[in-house]
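The values are calculated or read from the model by the stated rules, or taken from the named source; none is laboratory data. Because the structure is predicted, anything quoted here is derived from the model rather than measured. Cβ placement follows ideal geometry from the backbone for every residue including glycine, while neighbour counts extend to all protein chains displayed. What goes into the accessible areas is simple: the full protein's heavy atoms, side chains included, and nothing from ligands, DNA or RNA. Shrake-Rupley method; radii C 1.70, N 1.55, O 1.52, S 1.80 Å.
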Amino acid sequence: MRLDVHAHLWSTEYLDLLQAHGVHDVAAYRHLGAGRTERELDARFALLDNAGIDMQILSATPLSPHLEDEQAAVEAARRINDEYAELVARYPTRFRAIASLPLPHIDAALRELERAFTQLNMLGACITTSVLGLSIANPLFEPLYQELNRRRSVLAIHPAGRGAHSPLIADYALTWSIGAPIEDTVAAMHFILNGIPQRFPEMKIIVPHLGGLLPMTLERLDQTVAWEAPNTPEPPSRAALRMWYDTVGHDQVPALQAAAATFGTERLLFGTDFPFQPGELFQTTVDYIRRAGLPEEEVNAILDRNAATLFGLGAN
């Protein structure tokens, strides 16, 4: 089964709700073809068919219901999760979904997670690389990780689109070009420095975009944390192998090769980042994996087996 682990969908109604609750950056997401109208879904399914993709795992990140007002966050989380559950029911061979949570309100998030698992048949949860400026390694979030660990479920991380809270990124139009992989790297390292992959070994953590900078820096990290962060529970190179990484690499073959060499192809999960490589670019999400010079068996595992196995959906 060719399963796309990194795909987005936002209805007009959900975007309107976020905007009503003070989220100001929704306009850029309104005309991407990632809604739930019949026209948008037909166009999406045509792209999937052309690329040989069977199913997408839907996630609402980066437009997560992470809001300061708890009632607003709960309302938005329930809205997007209910929309996803309805889409999965309508198109059970095309879509599954992971839950959005009303963070940073942890008790409300745990209640919504329970509902997502027991009533909505979700496959895990998604979270942005920071939550209203908080590190996702903040102890506040550990009850969430304990529950996902107990359920042996998935936590999918996605850039928050906040330029790693650095004006040197955000003020220079670099939020998504380099800010996103930097956010991925920072979040993964916050997890590693705090021992989260080790302490919650049954929680299946997915880091996007080939792990950001990790494939290029793990040896440096091993050497540096020995003196800069000596309380790190285990070498970053060891902790990194407790996580998974999606293949969204925007056709950068050397980056994919580095991730494969660093993590092993068994840790790579196929992803497209729909709708952000539109039209003809969508096919490159598959093609660049085939052009990476990896053994055919490993290519087939990345495209058609690893993700289905991780999510327990079976593989062809």
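Determine the dipole magnitude for segment 43-93: charges of +1 sit on the beta-carbon of Lys and Arg, -1 on that of Asp and Glu, nothing else is charged, the reference point is the Cα centre, and the result goes in debye to the nearest 20. Intermediate results must be reported in sequence, preceding the final value.
On the way: 4 positive and 9 negative charges, 50 e Å.
Magnitude of the dipole: close to 240 debye.
Label the chain by shape, choosing from rounded, prolate and oblate, from the square roots a ≥ b ≥ c of the eigenvalues of the Cα gyration tensor; if a/c is under 1.5 it is rounded, and otherwise prolate applies when a/b is larger than b/c, oblate when it is not.
Values: a/c = 1.38, a/b = 1.08, b/c = 1.28.
Here the chain falls in the rounded category.
At R0 = 35 Å, how high is the FRET efficiency between residue 257 and residue 12 if r is their beta carbon distance? Nearest 0.05 is fine.
Efficiency computed from Cβ-Cβ geometry: 0.30.
Ignoring ligands, DNA and RNA, please state the percent of accessible area on segment 1-134 from carbon and sulfur, probe 1.4 Å.
Carbon and sulfur atoms account for 48 percent of the accessible area of segment 1-134.
Which order do 190, 31, 105 take by accessible area at a 1.4 Å probe, largest first?
Values: 190 65, 31 165, 105 30 Å².
Per-residue accessible area, sorted high to low, gives 31, 190, 105.
Is the shape of segment 163-310 rounded, prolate or oblate, going by the alpha carbon gyration tensor and its root eigenvalues a ≥ b ≥ c, with a/c under 1.5 for rounded and a/b larger than b/c for prolate?
oblate
Could you work out how far the C-alpha centroid of segment 132-168 sits from that of segment 4-66, in angstrom?
First find each Cα centre; the distance between them is then 21 Å.
Of all the accessible heavy-atom surface of segment 178-282, with the other protein chains kept in place and a 1.4 Å probe, what percent is carbon and sulfur? Walk me through the numbers before you get to the answer.
On the way: 2380 of 4300 Å².
Exposed carbon and sulfur together represent 55 percent of the surface.
Take every Cα pair under 8 Å in the chain that's 6+ residues apart, average their separations, divide by the length, and report that relative contact order as a whole percent.
RCO, the chain: 18 percent.
Mind checking the dipole of the chain: about its Cα centre, +1 per Lys or Arg Cβ, -1 per Asp or Glu Cβ, Debye to the nearest 20?
So the magnitude is around 520 debye.
Taking only protein heavy atoms and a 1.4 Å probe, what accessible area per residue, in Å², does segment 187-316 have with all protein chains in place?
44
Taking 0.36 nm per intervening residue step and subtracting the Cα-Cα distance, what contour gain separates residue 168 from residue 20 on full extension?
50.3 nm
Can you run phi through the Karplus equation (6.51, -1.76, 1.60; θ = phi - 60°) for segment 278-289 and list ³J(HN,Hα) in whole Hz, with x for Gly and Pro?
The phi angles translate into x, x, 5, 5, 4, 5, 5, 4, 8, 4, 6, 5 Hz.
If I build a Gaussian network model for the chain, linking alpha-carbon pairs within less than 10 angstrom, which residue out of 168, 294, 17 has the largest mean-square fluctuation?
168
Return the FRET efficiency for the residue pair residue 138, residue 309: r is the Cβ-Cβ distance, R0 is 35 Å, and the value is rounded to the nearest 0.05.
It comes out at approximately 0.65.
If you take the square roots of the eigenvalues of the alpha-carbon gyration tensor of segment 1-61 and sort them as a ≥ b ≥ c, do you get rounded (a/c under 1.5), prolate (a/b over b/c) or oblate?
prolate
Rank 125, 179, 200 by how far each Cα sits towards the positive end of the charge dipole of segment 93-225 (+1 on Lys, Arg Cβ; -1 on Asp, Glu Cβ) and give me just the farthest.
After comparing all options, I get 125.
Nearest 20 debye, what's the magnitude of the dipole of segment 159-273 about its Cα centre given +1 on Lys and Arg Cβ and -1 on Asp and Glu Cβ?
Dipole magnitude for segment 159-273 comes out near 240 debye.
Would you rank 199, 242, 267 by solvent-accessible area, highest first, keeping every protein chain in place and using a 1.4 Å probe?
Details: 199 110, 242 85, 267 50 Å².
Ranked list, largest accessible area first: 199, 242, 267.
Rounded to the nearest 10 Å², what accessible area does residue 30 have for a 1.4 Å probe in the complete protein model?
It works out to around 70 Å².
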